[in-house]
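Here is the structure we will look at.
Please treat every number below as a calculation from the coordinates, not as lab data. Note that this is a predicted model, so its numbers are computed, not measured. Note: ideal-geometry Cβ built from the backbone for every residue, glycine included; neighbour counts use all protein chains shown.
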């Protein structure tokens, strides 16, 4: 059974922020089934995630994470650290992939957020592992192409605007070569002031009859 999958997501740590970016195309095999898929989501005011993999599983896990974060805040009376949130999501991913199902729930998340210890970026692999990222990372079918741009153009402590431009360039490179990546780019900036969507562009190709 084919499910919606295929994407390019990028996370970049810069001087005063973490930048998350992703395209908008969802595919089932060679068929484009969604041209407006949202793959960068906010989790409260100070956390954002990108998602790649099976869309149904990824969307459900985002909803579960929002609920878990809110429940913990209500029970303890304080906000969770970003490390705690990343470990919660890692546990959910781990449980999701190891339960028996006719459809394998493969998901890959990049999670960024800020807490009292600063701004953080985590890579949550489909096996449930949680990795702290100090520079940049990418996921999805177009990640190999995005990495080619990131490897050559990233610099430590780069300015926020430069990091945003690099995120757009790396996703755009995947748009040019990866058939499962396309139709638009979304970029969210995570700083100590919160999360902000700084790029939201739809790429349209119109077919005109003669």
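Mean residue ellipticity at 222 nm, helices only, the chain: -11000 deg cm²/dmol; runs of at least 4 DSSP H residues each add -39,500 (n - 2.57), and the sum is divided by the number of residues. In this label model, residue 67 and residue 200 are separated by 2.6 nm, measuring between points 7 Å along each Cα→Cβ vector. Based on the Cβ-Cβ distance from residue 169 to residue 74, what FRET efficiency comes out when R0 is 45 Å, to the nearest 0.05? The pair residue 169/residue 74 has a calculated efficiency of 0.65.
Counting beta carbons within 10 Å around each of 129, 81 and listing the fewest first gives the order 129, 81. Each label was represented as a point 7 Å from its Cα along the Cα-to-Cβ direction; for residue 34 and residue 83 these points are 3.4 nm apart. On full extension, the segment bounded by residue 144 and residue 193 gains 14.5 nm, given 0.36 nm per residue less the C-alpha separation.
Sorted from longest to shortest, the spans of the Cα atoms of the chain along the three principal axes equal 64, 45, 28 Å.
Give me 24, 197, 75 ranked fewest to most by other Cβ atoms within 10 Å of their Cβ, as a rough exposure proxy.
Numbers: 24 24, 197 13, 75 8.
Least crowded to most crowded, the residues run 75, 197, 24.
Compared with the alpha-carbon gap, the fully stretched path from residue 179 to residue 159 is longer by 4.1 nm at 0.36 nm per residue.
Cβ-to-Cβ counts within 10 Å put 161, 68, 151 in ascending order as 151, 161, 68, the fewest first.
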